[in-house]
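The values are calculated or read from the model by the stated rules, or taken from the named source; none is laboratory data. For clarity, every value in this text was computed on a predicted model and none was experimentally measured. Reconstructed Cβ throughout: ideal geometry from the backbone, glycine too, with neighbour counts over all protein chains shown. Note: areas computed on protein heavy atoms with side chains; ligands, DNA, RNA excluded. Shrake-Rupley method; radii C 1.70, N 1.55, O 1.52, S 1.80 Å.
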Amino acid sequence: MRAGGRLTYHACVAVIDTLGRPLRSLRLSVTDRCNLRCHYCMPEDEYLWLPREDLLTFEEILELANLFAEAGVDRIRLTGGEPLLRRNLPDLVAGLAARPWLRDLALTTNGVLLADAATALRDAGLHRVTVSLDTLRRDRFQRLTRIDALPQVLAGIDAARRAGFEGLKLDSVITRGDNDDELVELLDYARAVDAEVRFIEYMDVGGATKWRPEAVVSRTEILARLTDRFGAIMPLPGRDSAPAERFQLPDGLTFGIIASTTQPFCGACDRARLTADGVFLLCLYAQHGTDLRRPLRAPAPADTLRRLIAAVWEGRADRGAEERLPVRERGNYIPLRMLKKDAHLEMHTRGG
Ligand code: SAM
């Protein structure tokens, strides 16, 4: 492997960055809008939205996806904002699913609109669904998201199963005093719906304007609490570049932990991000990105865009979560006044 060059991997040439990390996976945000106001992501009353005319069309997204594939991407996750707010999303899914280079096509959703969309998404060729679910208590859901929508989310999970999605994942951001008393309930629910929970540490990303270290429930603490309750927990091998470490309870139930805050895994990060208006980001913590919309619409020749994507990744040295680790007196990462000026700094714009 050569740093800042190219690497042949899975029969396809992947561009690699300055730290030797190949470009394999693309998080595609299809909208910055969301129908929930989760306390760790969109706690403010007002937001600056991306201008509608700036949003990439599906044709533009497909064109860029092909160019990213030539740089090594073979896995795509659709995200947002809330991706199911994007009209005709199954059309985009069908367009992506038809690409011969695509090995994995997943969606991260809050589930509120999933009940009506699950079958169409499955028919369009979506491979996998992850639903964000932080609580099973309706009043708590409303308090943490400012919307009374837990029944819709649970119906969405049910619909996803009936539509035939296997390997359903449930992502739960655990925050102290909010839902850290629900670890066991969330595991029991996952068992009942044949899903796998991934407990996510609260991150101090842009958007998390109320973040404070005391609110983080660490991987270590989660494991200690579950060990107290269930007995010895076994780590499972085979993580590769996946953000979640997987574990097994003595009764065989598996779950994951994404310890981005206390034990970041930047060394294995192969993820590029593309915002709904075409900004290419190298890290969830990146403060700047590369605008691909402008050259795409110019229109620049495909080769120019191809070279731009490769050059940006080859220059990548980002390891945002690891760089945050030694910071003392850690508070929220991006000051509110900066977030109010640049929507691209928000978590809901860049996708989780
Ligand atoms: N709306 C979709 C959803 O709710 O899954 C997709 C976008 S959301 C930004 C993607 C993921 O980011 C969700 O699982 C959410 O819980 C996670 N997330 C947002 N802010 C976070 C934070 N401060 N710390 C950890 N995870 C966060």
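Of the candidates A232, A286, A106, which one comes out as most mobile in a Gaussian network treatment of the chain with C-alpha springs shorter than 10 Å? Maximum among the listed residues: A232. Placing dummy labels 7 Å off each Cα toward the beta-carbon, the span from R146 to L325 is 3.4 nm. Shown here: region 70-201, whose C-alpha atoms stretch 45, 28, 26 Å along the first, second and third principal axes, sorted largest to smallest.
Can you figure out the FRET efficiency of T119 with Q248, using R₀ = 41 Å and their beta-carbon distance, to the nearest 0.05? The pair T119/Q248 has a calculated efficiency of 0.80. Working note: Cα gyration tensor of the chain, eigenvalues times five, square-rooted, sorted largest first, giving semi-axes of 30, 23, 22 Å. Scattering from region 4-143 was approximated by placing one identical point on each alpha carbon and applying the Debye formula without solvent; log10 I(q)/I(0) at 0.11, 0.12, 0.13, 0.15 1/Å stands at -0.49, -0.57, -0.66, -0.84. Taking 0.36 nm per residue of separation and subtracting the current Cα-Cα distance, fully stretching the chain between D91 and D194 would add 34.3 nm.
Work out which GluC sites (Glu not before Pro) in the chain are exposed loop sites (DSSP not H, G, I, E or B, at most 12 other Cβ within 10 Å) and give the longest gap free of them. That gives 167-328 as the longest site-free run. If R0 is taken as 22 Å, the Cβ-Cβ distance between V13 and L62 corresponds to a FRET efficiency of 0.60. Treating only the Cα positions of region 131-265 as identical point scatterers, give the base-10 log of I(q)/I(0) from the Debye formula at each q in 0.21 Å⁻¹. Cα-only, vacuum Debye calculation for region 131-265: -1.42. Where both bridge residues fall in the chain, DSSP classifies roughly 35% of the beta bridges as antiparallel. Think of a 1.4 Å ball rolled over the protein heavy atoms: the chain then has 42 Å² of accessible area per residue.
Given R0 = 30 Å, the distance between the Cβ atoms of D228 and Q263 translates into a calculated FRET efficiency of 0.90. DSSP assigns beta bridges within region 180-264; of those with both partners inside it, close to 65 percent run antiparallel.
Extension gain, A298 to L236: 0.36 nm times the residue separation minus the Cα-Cα distance gives 17.5 nm. Taking 0.36 nm per residue of separation and subtracting the Cα-Cα distance, full extension of the segment from R306 to E221 would add 26.2 nm. Would you please state which residues of region 230-262 a label at D180 would reach in this model, taking the label point 7 Å out along Cα→Cβ and a backbone N cut-off of under 15 Å? Output list for this probe position: 261-262.
When a 1.4 Å probe is rolled over the protein heavy atoms, the share of accessible surface on region 126-236 that falls to carbon and sulfur comes to 51 percent.
Electrostatic bookkeeping for A160 treats Lys and Arg as +1 and Asp and Glu as -1; over the other residues with beta carbon under 11 Å from its beta carbon, the sum is +2. Listed by chain and number, the lysines placed with their C-alpha closer than 17 angstrom to that of K210 are K340; residues fewer than eight positions away on the same chain are left out.
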